[in-house]
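Engineer: Got a structure here, written out as structure tokens. Questions coming.
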Amino acid sequence: MSGHVDLDALADLLVGEGDETQVRHLAGCAGCSSALDDLERAQEPVRLALATLPAPQVPGDLAARLDAALLRARDDLPHARVDRPGRREGRPPRPGDASPDDASPDDASPDDASGHRPTPPTVLPLRRGGRPAAALVAAALLAVAAVAVGVLAVSAGVVALTRRGPGDTAATSSSALARASPPTAAAQGGATDSAAGVPTSSSNTDFADPGALAVALPGLLGAPRAVGGGAPAPTLQQQETAADPLARLRDPVGRAGCLAGLSPAAPDGIALALDYARYAGAPALVAVLPATVAGQVEIVVVGAACRPGAPAVLFSTRLPAPP
Amino acid sequence: MIADDTRDRALLAAHVAGDRDAFGTLVGLHRDRLYAVALRTLAGPGSDAREEAADAVQDALLSAYRRAGTYRGDAQVSTWLHRVVVNACLDRVRRRTARPTVPLPDAEPASTDDAYGRSDTAVDVRAALAALPVDQRAALVLVDLTGMAVEEAAAVLGVPVGTVKSRCSRGRARLAVSLGHLRNAPAPPPVPPVGDTAGPDTADPHHGDPGGGR
């Protein structure tokens, strides 16, 4: 080695990673030895400066953005298609593939349409007897079939409402996004409280069959609009009782917080239509949201626990908007 | 912490078993920290990496969502998530093409050096950190900013512990010069251009040559 040690070499010597040549040079060079001492003294203030660097401000929409992305991933890739070990067979390892736990996005396996059950990893289970993957596959296949059914039903102009209550009117094949004349709230069988004039119904229908959502879509969009004004909304604490698990989601603020970001086209959580219904027996809110794809809408079914940061999405799908 | 990892493993297992909300819950627990790591790793000289960091975190977490079944439990779930995000960020940095950069106007007041000419205001530290070679920057982000143990950082980066120590030490040395804590120091080797994957810092120090090719 010629000359003195450079900064990188001094830094390596400081943590015991230097080589023998540099160590021997240091023993005989006062200048380099002094430089090493200076470097050692400089470590602590640098570490302190880094440790006390303020945490960056996280974008306000990052949470909603990630939730929306995961929601789309659920629609596009049912759980039964989660990659399992062995699917990368035949693909040669890349330089830098450190361990089987490496999950670089560039190493993603191509999608497998077989939908077979993944091998469970060696981790602690949350609970025994969880939802079987076979049922999820069946639900996913139903959703795909429901899209086809929904398209056929809409194109044929056939609309079936599953709403209960007085004053029900069957929606026609007119534009789902047309402004319907608002009836009085009494003409509607359920609670309508939105000040935004969104078509709102309280069908109490159990939409466990995804096909029913597709069929009901035109009716949801053609429901009477909620009448704004009137008594101010009670506080969430006043509303939320055991008798009405969906009370939080009847409040416009609570509902918007729940729905915000579930569709990128509706960052503020304002829906095209709402139905207070049920899903697989549990109280649920069905929300029709604008989609980023023209001519389509997002249908999201959320549970009573839905709130900002915890969407509690029970089901979601994208359907063509009725003409 | 062991309790946190137990919780994370349970959530990941629930996700693989079909729980539709488990992965979202897991993401919520780690999101902010992962974003901070992504932002500090992606920040380069004169670049605003906030949007890119959000993109990187989103892409990485979607990849983790799909590949959750491949997690074997050898490392903590947090380590696994950090590895996915850091790999995504390093790939992005290395794909960047060299282009002229215009320094962004500082949102904070100009730095004021102390009597010794040292400056540790946040903007100066961030700028100095952004100027480091990406491998040194990534190591320091994990160890000194995130507080990760060197062993865990090595698992995230997929390199030996000695390499992490070397990268951190070299990075601190360069920062000490940039921030004025080290005067009359020997000149550091030149920083490789952005996107250069063959920089002197990328090699394993245990196989480096005496000339400093680490």
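Engineer: May I ask you to derive the FRET efficiency for A:D38 and B:D4 from their Cβ-Cβ distance with R0 = 45 Å, giving the value to the nearest 0.05?
Structural biologist: Efficiency, from the Cβ-Cβ distance: 0.70.
Engineer: A further question on this structure: So if I take the centroid of the Cα atoms in region A:44-73 and the same for region B:1-35, what is the distance between those two points in Å?
Structural biologist: Cα centroid of region A:44-73 versus Cα centroid of region B:1-35: 17 Å apart.
Engineer: Now for a separate question. For A:C306, B:C89, what's the fewest-to-most ordering of other Cβ within 10 Å of each Cβ? Write down the numbers at each step before the final one.
Structural biologist: Working: A:C306 25, B:C89 29.
Lowest to highest Cβ neighbour count: A:C306, B:C89.
Throughout, read-outs are computed from the coordinates displayed, never taken from laboratory work. For clarity, every value in this text was computed on a predicted model and none was experimentally measured. Don't worry about glycine lacking a Cβ; one is built from the backbone with ideal geometry, like all the others, and counts go over all protein chains shown.
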